[in-house]
Amino acid sequence: MAKRKKIAQNVQNEITTRSGRRCCLCFGINNDLKPKGGQIAHLDRNPENDDPDNLAWLCLEHHDAYDSKTSQSKGFAIGEVKQYRDELYQAIEQARQNALAQSPSQGKVYVWVGGPILVALVIFVIWYLATSSRRSAACNQPIRTATATIEITVTSDEDINTTYIDRGAYVAFGRESESLLMMSSSQCRARQTGKGQVIYHAVVNMDVSDAAFGKAMRLLEEAEYIQIRFLPMPEQSQVVVGKVTCIFNGGEIVLEMNVPAQKTTEGKIFGRGLHLKCGPD
């Protein structure tokens, strides 16, 4: 077996930027353009070959399916995945060009994050906005739906590859002891990477009974921290890395956050010193 090496950072950046962290198989098969937690896959299954033409961003489910060997069904062919990947790149580039063409002054809505625990630049990308006034209006639109994909990697030698159907996860935006908005799920997934790490993955949703439902997006400016928890995760765990992607109102607004290394507190993962600002650049 070829020895696995880390993909060069500039190559990683190229793949994640061109794909927008969209899974090319989700796009090709289901026309799904939502950002997904996932990994960069070596399409020829040779970890030494880091040529960008040999790489693609795949969600965890499709990465597992692509790497698996089964005699029961025909797996994905490398040519098929490359075709979907190239079509995805074209679709994303076209969407970006269209967004720029709609208005020379169109920009992004930035969320600035500070603090010693969570060090990340969080960007609200609002593609349909054409003027500054409409960008401002987007910050005041009511929150109708909220979905988040959470992926947290922890140090662990536990041999596990399990979907928990009765113990899920949640992510909450908080202020002092108050939850401003919470997204949760009754199930989650955990799998051993084979490198002494376990990846926990969940897709969580806001319930219509949540206090944030119907309130303006500017509500999140009041958030001081985020809190994440996977119920099956041991209470004393070492987080290696993590990512949270929040999608509001069916994809009109996307919020991405990188979660840095930390030790959990009673099973909880915190991003403190959170300062969100909704407004044009």
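Values quoted throughout were computed directly from the atomic coordinates according to the rules given, and no laboratory measurement underlies them. Fair warning: this is a prediction, and the values are worked out from it, not measured in the lab. For neighbour counting, all protein chains shown are included, and Cβ atoms are generated from backbone atoms with ideal geometry for every residue, glycine included.
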| said: Report the gain in length on full extension from ASN31 to ASP159: 0.36 nm times residue separation, minus Cα-Cα distance, nm rounded to one decimal. | reply: 42.7 nm
| query | Order of SER156, SER184 from fewest to most other C-beta atoms within 10 Å? | reply | SER184, SER156
| remark: In nanometres, the difference between 0.36 nm per residue of separation and the alpha-carbon distance of LYS5 and ASP53 is 15.6 nm
| field | Cα→Cβ-extended label distance, 7 Å offset, between ASP207 and ALA95, nm | value | 3.1
| request: Once you have the Cα-Cα distance between THR17 and ALA261, take 0.36 nm times their residue separation minus that, and quote the gain in nm to one decimal. | output: 85.6 nm
| Sum of side-chain charges, ALA190 neighbourhood, beta-carbon under 15 Å (Lys, Arg +1; Asp, Glu -1) | -3
